[in-house]
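Here the structure comes first, spelled out in structure tokens, and everything after it is commentary.
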Amino acid sequence: MAKMNPYLNFDGTAEDAFNFYRSVFGGEFTGVFRMGGNPGSENLPEAEQNRIMHISLPIDANTTLMASDILPSAGHVLNNGNNVHISLHPESREEADRLFNGLSVGGKVEMPLQDTFWGAYFGNFQDKFGINWMVNYDSNTPQ
């Protein structure tokens with residue numbers, strides 16, 4: 001069975017929000033990755049280089065709060081409704097394919113499942129009911 005985590009989007013305030021969440025929940029970030037320094041980031045405006053590409057804060061043994069900042073230069077607009085995603089972490093590529101293909105039927109695929117530069121098999125979409133989903137299979141991450 002896949003793990004499920006909330007994934008939040010921010011417009012340049014992900015780091016501030018997560019410092020606040022950490023002050024309440026405690027713990028340490030398991031990852032803080034910025035937009036700059038990644039493939040294609042040389043095309044980003046300087047103001048977006050320090051934005052958060054991904055940040056994660058374990059809340060308990062079963063839940064991790066995750067987030068990223070949007071990129072206005074890529075046409076991203078933060079609206080109520082697209083600021084939260086459900087992030088699925090399946091136990092195999094096959095389960096990733098099954099979940100992605102099943103949940104995305106009739107929806108809008110933003111990024112098809114593919115191998116990524118960060119080492120995961122990842123894709124995201126909005127389902128036919130307007131719910132945003134991410135599927136992230138990483139064979140190197142303990143499930």
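Taken together, the values in this text are just the output of simple stated rules run on the coordinates, not laboratory data. Source: prediction; values computed, not measured. Please note: Cβ atoms are built from the backbone with ideal geometry, for glycine as well, and neighbour counts cover all protein chains shown.
Think of it as helices only: each DSSP H run of n ≥ 4 in the chain is worth -39500 (n - 2.57), and spread over all residues that comes to -5000 deg cm²/dmol at 222 nm. Within region 40-143, list the chymotrypsin sites (Phe, Trp or Tyr not before Pro) lying in a DSSP loop whose Cβ has at most 14 other Cβ atoms in a 10 Å radius. The qualifying sites are Phe117, Trp118, Phe129. Sites listed here are GluC sites (Glu not before Pro) in region 58-129 whose DSSP assignment is loop and whose Cβ has at most 13 other Cβ atoms within 10 Å: Glu91.
Across region 118-131, coupling constants 3J(HN,Hα) worked out from phi with the 6.51/-1.76/1.60 Karplus curve, θ = phi - 60°, read 8, x, 10, 9, 9, x, 9, 6, 10, 6, 5, 9, x, 8 Hz, and Gly and Pro carry x. In this label model, Asp60 and Asn38 are separated by 3.0 nm, measuring between points 7 Å along each Cα→Cβ vector. A Förster distance of 22 Å, applied to the separation of the beta-carbon atoms of Gln114 and Asn83, puts the FRET efficiency at 0.35.
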